[in-house]
Amino acid sequence: MSSRELSPEWVLSSFIPPIAAPQHEIIELIAVARRLWPSVQAHAYREQPGKNSDEALDFASEIWEGVLRSVAKTIQRSKGRNWRIRNMEAYLFGAFHHRFNRALKKERRRLQTIQHLPTSPDLERLGQAHDSNAVRDLEKSIQLREAVRNMDEWTRKVWAARQYGYSWKEIATQLGLTEHQVKLRFRYAIGKLRARLAGPT
């Protein structure tokens with residue numbers, strides 16, 4: 001495995017009991033994740049020829065970690081009752097492939113949008129042609145797109161649900177959390193994102 005990769009044990013640490021040995025299914029998930037990692041990397045490099053290896057791997061790693069956590073949550077909820085994936089390897093890679101392709105399409109759409117954004121001289125002419133409110137609205141729109149692009153999957157999902165008019169209570173029910181937990185986690189994630197985008201002060 002790449003030295004840059006977060007190990008499956010680290011990714012799944014919150015699903016492994018601290019004292020007792022981890023469940024058989026979690027042990028299997030970790031072993032399969034280790035075996036599949038080279039295939040995940042190869043797919044990431046092949047599908048992102050325009051990116052350098054670090055960027056391609058970062059993009060794929062976030063999705064891969066999401067897949068592992070999602071499967072671990074399902075295992076945890078089942079508590080060993082009538083739950084089994086017949087071919088864990090095929091299932092994990094299939095889930096990764098599906099999420100990766102979906103994320104890649106979104107990323108490509110975002111890049112196409114950025115390519116069509118006006119250049120600095122165009123913005124200067126735009127500023128002369130329109131009042132300052134139009135320029136300010138454009139800047140806010142660009143900042144918002146950048147913020148959404150930098151959100152982790154969970155935060156982006158909650159943000160999108162709010163944009164579509166779902167209440168905090170409805171979102172909490174969907175996620176199996178309390179309303180307070182969702183709000184707290186979301187605000188914490190937004191705070192971290194704001195600090196990251198602001199850069200060093």
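Taking θ as phi - 60° and the Karplus parameters 6.51, -1.76 and 1.60, the scalar couplings of region 158-167 work out to 5, 4, 5, 4, 5, 5, 7, x, 6, 7 Hz in sequence order, x denoting glycine and proline.
Each peptide in 36-49, 176-189, 65-78 gets a packing score, the mean of other Cβ atoms within 10 Å over its residues, and the list from highest to lowest is 65-78, 36-49, 176-189.
Set the Förster radius R0 to 30 Å, insert the Cβ-Cβ distance between W154 and S53 as r into 1/(1 + (r/R0)^6), and round the FRET efficiency to 0.05. The formula returns an efficiency of 0.70 here. With q set to 0.20, 0.24, 0.30 Å⁻¹, the log10 of I(q)/I(0) for region 152-201, from the Debye formula over equal scatterers at the Cα positions, is -0.66, -0.86, -1.16.
If I histogram all Cα-Cα distances within region 31-83 using bins 5 Å wide from 0, what percent of pairs lands in each bin? Going from the shortest bin to the longest, the percentages are 4, 19, 23, 19, 14, 9, 6, 4, 2, 0. In sequence order, region 181-195 has phi-based couplings of 4, 5, 4, 5, 5, 5, 5, 5, 5, 5, x, 5, 5, 4, 5 Hz under the Karplus curve 6.51 cos²θ - 1.76 cosθ + 1.60, θ = phi - 60°, and Gly or Pro positions carry x. Simple rule: put +1 on each Lys or Arg Cβ and -1 on each Asp or Glu Cβ in region 152-201, find the dipole, and look at A198, Y166, Y188; the Cα lying farthest toward the positive end is A198.
The numbers here are math on the coordinates, done by the rules we state, and not lab data. All values derive from a computational prediction rather than experimental measurement. Ideal geometry is used to build each Cβ from the backbone, glycine not excepted, and the neighbour counts take in all protein chains shown.
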